[in-house]
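Notes for the one structure printed next.
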Amino acid sequence: MSATHAASAKSSKGRRTRRTGRRDPLAISLLKKDHREVEAMFDEYEQLEDDREKLALFQQIALALKVHTQIEEEIFYPAERGEVEDDLLDEALVEHDGAKKLIAEIEAMQPSDELYDAKVKVLGEYIKHHVKEEEQPGGVFAQAKRGDEDLNAMGERLEARKEELMASMGGQSLS
Ligand SMILES: [Fe+2]
Ligand SMILES: [Fe+2]
């Protein structure tokens, strides 16, 4: 975890975005990195046959999503009220709630249950939609980058809170 933190702190100016070549501030690069990681886990899930592996991977996906949505809800979204259109932030919160309900349903099931794979698949599609709303041109991240909030400083707070939540909710880092 300390190595991950050091690497992230080192790249505090963020990474270059594919579209513009300009660097994202730390808050945005950190949240996008979470998005890529969870997308990769959903892709990996599709390849699995073994129920024990499915359960283990879903537990990782659930932890990553819970921590990510919580740091957005505690730190990013509230700070962006006034910078990002209210409708977009409200819809993002409703989508988080929808995802949490689906996660809870899946957590109450076993991988051998009939609709388990289908629910994981639908959760993945739901998250893909939500991530697009955050990352697309004119979306939450684009509006946040045009605002006055210091997104590099916020990135440090997001990172610290993520570490805390990973430790308390999961007991270990995913990366
Ligand atoms: Fe979100
Ligand atoms: Fe997000």
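Here are some notes:
- Our summary of shape: the Cα atoms of segment 81-149 have principal axis extents of 49, 18, 17 Å, ordered from largest down, in whole angstrom.
- Considering only the Cα atoms of the chain, their convex hull presents on average a projected area of 10.0 nm².
- About its Cα centre, the dipole of segment 48-103 is roughly 420 debye, where the only charges are +1 on Lys and Arg Cβ and -1 on Asp and Glu Cβ.
- Taken about its Cα centre, the chain carries a charge dipole of about 1020 debye when Lys and Arg each add +1 at the Cβ and Asp and Glu each add -1 at the Cβ.
- The calculated 222 nm mean residue ellipticity attributable to helices in the chain amounts to -22500 deg cm²/dmol, summing -39500 (n - 2.57) over DSSP H runs of n ≥ 4 and dividing by all residues.
- Interchain or long-range residues, amide H under 5 Å from MET109's placed H: none
- Within a straight-line Cα-Cα reach of under 24 Å, LYS100 can be paired with the following lysines, leaving aside sequence neighbours fewer than 8 residues apart in one chain: LYS32, LYS33, LYS54, LYS66, LYS119, LYS121, LYS128, LYS132, LYS162.
All of the numbers you see were taken from the coordinates with simple rules; none came from a lab. Values in this document were obtained by computation on a predicted structure and should not be read as measured data. In this analysis, Cβ positions are derived from the backbone assuming ideal geometry, glycine residues included, and neighbour counts consider all displayed protein chains.
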